[in-house]
1. Starting from region 54-65, take each residue that is within 13 Å of Asp31 (Cβ to Cβ) and list its partners that are of a type in the set (Lys, Arg), counting only C-beta distances under 8 angstrom and pairs at least six apart or across chains.
2. Considering region 38-49 alone, what residues qualify as being closer than 21 Å to Gly84 by Cβ, part of a helix (DSSP H, G or I) and either modelled with pLDDT of 95 or more or not charged (D, E, K, R) (or both)?
3. When you look at Arg8, is it under 22 Å from Ala143 (Cα atoms), among the charged types (D, E, K, R) and either part of a helix (DSSP H, G or I) or free of Cβ contacts under 8 Å to residues at least 12 places away in the same chain (or both), yes or no?
4. Do we find a residue being closer than 27 Å to Arg142 by Cα, aliphatic (A, V, I, L, M) and in a helix (DSSP H, G or I) anywhere in region 71-82?
5. If we scan region 88-99, do we find a residue that is in a helix (DSSP H, G or I), under 28 Å from Arg142 (Cα atoms), without any contact (Cβ under 8 Å) to a residue 24 or more places away in the chain and not charged (D, E, K, R)?
6. So which pairs qualify, if the first residue must be in region 118-144 and over 13 Å from Leu7 (Cβ atoms) and among the β-branched types (Val, Ile, Thr), the second must be outside any helix (DSSP H, G or I) and at pLDDT below 95, the Cβ gap must be under 6 Å, and the two must be at least 6 apart or on different chains?
7. Confirm whether Ile109 is in contact with a Leu (Cβ under 6 Å, 6 or more places away or on another chain) and at pLDDT 95 or above.
8. Listed residues Leu92, Leu39, Leu71, Leu59; which is in contact with a Lys or Arg (Cβ under 6 Å, 6 or more places away or on another chain) and surrounded by 12 or more Cβ atoms within 10 Å (Cβ to Cβ)?
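The values are calculated or read from the model by the stated rules, or taken from the named source; none is laboratory data. Keep in mind the model is a prediction, meaning the values are calculated, not measured. Here the Cβ positions follow ideal geometry from the backbone for every residue, glycine too, while neighbour counts run over all protein chains shown.
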Amino acid sequence: MQLVHLLRGLTVELDLFGAEFAGRHGLHPTDLRALIHLLDAARAGTVVTPGRLGEALRLNSAGTTGLIDRLERLGLIRRERDPGDRRKVRLLVEDRATALGQAFFGSLITDLVATMGRFDAAELATARRFLLAVTEVVAAARAE
């Protein structure tokens, strides 16, 4: 159970850190989750449409539209017609959002990477497997 409590503590700390970022930039926690989803998708080379974003965040159509409008007004994302199918709209993160995130989270990421340097490759591989497995369990529980 100690690991479960440690994971909960880490989750709370990361959530508070994210809430601080959101508060400083006039964002709702869901806005931050949307930005994270869009950034992760961009890294993976995945196209995100408004519908897919709404599904990922479990928002209805009106809630998704409001969220996208808000992030677009703040200059953090933009809607763009899909060049392969002009009927579709894809969502892209603006450089401004990336810069804000880097300015706020950059030192934390640097510190986390430095901390990971204290572990050897085998330990990090085990940690990676562990984090993937527990993330899968939580995602499955949320899906129920």
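1. The qualifying pairs are Leu57/Arg33.
2. Here is the first cut: in region 38-49, the residues closer than 21 Å to Gly84 by Cβ are 38, 41-49.
Cutting the leftovers down to part of a helix (DSSP H, G or I) gives us 38, 41-44.
Correct list: Leu38, Ala41, Ala42, Ala44.
3. The answer is yes for Arg8.
4. yes
5. No, region 88-99 has no match at all.
6. Qualifying pairs under 6 Å: none.
7. Values: in contact with a Leu (Cβ under 6 Å, 6 or more places away or on another chain): no; at pLDDT 95 or above: yes.
No.
8. Leu92
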